[in-house]
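No lab work stands behind these numbers, since they all come straight from the coordinates. Worth saying up front: this structure is predicted, and the values here are computed from it rather than measured. All Cβ positions, glycine included, derive from the backbone under ideal geometry; neighbour counts span all protein chains shown.
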Amino acid sequence: MHVRVVAALVIAALGTVAVLLSPTSDARAGEAGAPAVIAHRGASAYAPENTLAAIDKAAQLGLSWVENDVQRTKDGQLVVIHDDSLRRTTNVKDVYPGRAPWKVKDFTAAEIARLDAGSWFSPAYAGTRIPTLERYMRRVEHNHEKLLLELKSPELYPGIEQQTLRLLGKEGWLDRGHLGRLIVQSFSSDSVRTVHDLEPEVTTAYLGTPSVAQLHDYARFSDLINPPYGALSKGYVAAVQTFKGPHGRQLGVFAWTVNDAATAREVAAYGVDGMITNKPDVVRSAVASG
């Protein structure tokens with residue numbers, strides 16, 4: 001009897017260790033079995049998107065996951081911004097009036113550091129800056145958050161996959177303690193495949209809605225399929241989840257961008273594994289209440 005009890009405890013302990021060491025162990029884990037809630041560009045309904053203020057706000061709301069977008073400056077620095085132009089979310093037209101169309105790739109990191117990335121959202125955020133990815137990663141770590149990192153428009157930035165992975169490694173995000181807190185995604189299937197080939201342990205996600213016939217191919221290099229919620233159905237989610245990804249686990253589905261309670265409940269009923277949202281507190285409350 002004693003031997004059987006000890007054996008059972010050992011097996012249970014080994015199972016726990018296996019889960020903890022799994023690079024995707026946290027990727028589908030929401031609160032009390034509910035879908036994970038991912039703060040889109042940070043808590044972007046309440047603070048300027050893709051800024052340190054937005055991820056701080058997500059942390060204040062008690063959110064585990066934040067999402068961001070990564071691009072590259074003229075002098076090769078990785079920065080966190082969604083649009084390939086600086087125009088919408090900064091005062092670039094005022095600071096550099098003669099440099100239309102104000103593409104991120106046409107400005108150095110020092111030039112971008114001069115821009116106000118907060119006033120467009122609210123005067124309360126005047127002087128907020130576009131963060132470098134390095135600074136952003138350190139704030140995510142400080143906040144004990146998890147990161148859904150999007151490689152934005154990788155066709156504009158050859159080699160951005162390797163460069164991003166090097167920085168993640170430098171910041172310690174490719175060790176066992178961090179792999180369960182990191183997902184790298186892109187709208188480019190080639191970019192997702194490149195990330196998987198370079199660092200097979202990193203959890204990856206494809207942004208889009210491949211046909212069911214294509215899912216077998218995507219499952220070779222992507223752990224999640226992340227479609228817009230309007231393209232989803234219960235049947236499609238179930239079809240995705242019949243496949244196993246490169247880490248031998250069921251493919252996950254994170255839907256975007258869900259911003260109201262009614263939609264959150266509807267999408268949760270499809271069986272998705274997560275929802276990406278500008279209003280993470282609203283979505284979290286909706287899925288928690290059923």
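The alpha-carbon of Lys105 sits under 18 angstrom from the alpha-carbons of these lysines, leaving out residues fewer than 8 places away in its chain: Lys74, Lys93, Lys152. Between the beta carbons of Leu156 and Ser122, assuming R0 = 25 Å, the FRET efficiency works out to 0.25 to the nearest 0.05. Computed over the chain with a Gaussian network model linking Cα atoms closer than 10 Å, the most mobile of Gly252, Gly159, Gly42 is Gly159. Rounded if a/c is under 1.5, else prolate if a/b is larger than b/c, else oblate: which is the chain, with a ≥ b ≥ c the root eigenvalues of its Cα gyration tensor? Cα axes put the chain in the prolate bin.
Using a Gaussian network model of the chain whose springs link C-alpha atoms within less than 10 Å, name the residue from Ala262, Ala39, Ala59 with the highest mean-square fluctuation. Highest fluctuation of the listed residues: Ala262. Counted over the stretch 24-289, the DSSP beta bridges are approximately 20% antiparallel. Computed from label points 7 Å out along Cα-Cβ, the spacing between Arg265 and Ser285 is 1.3 nm. Look at the alpha carbon pairs under 8 Å that are at least 6 residues apart: their mean separation over the length of the stretch 24-289 gives a relative contact order of 19 percent. Relative to one another, the C-alpha centroids of the stretch 112-163 and the stretch 195-267 are positioned 24 Å apart.
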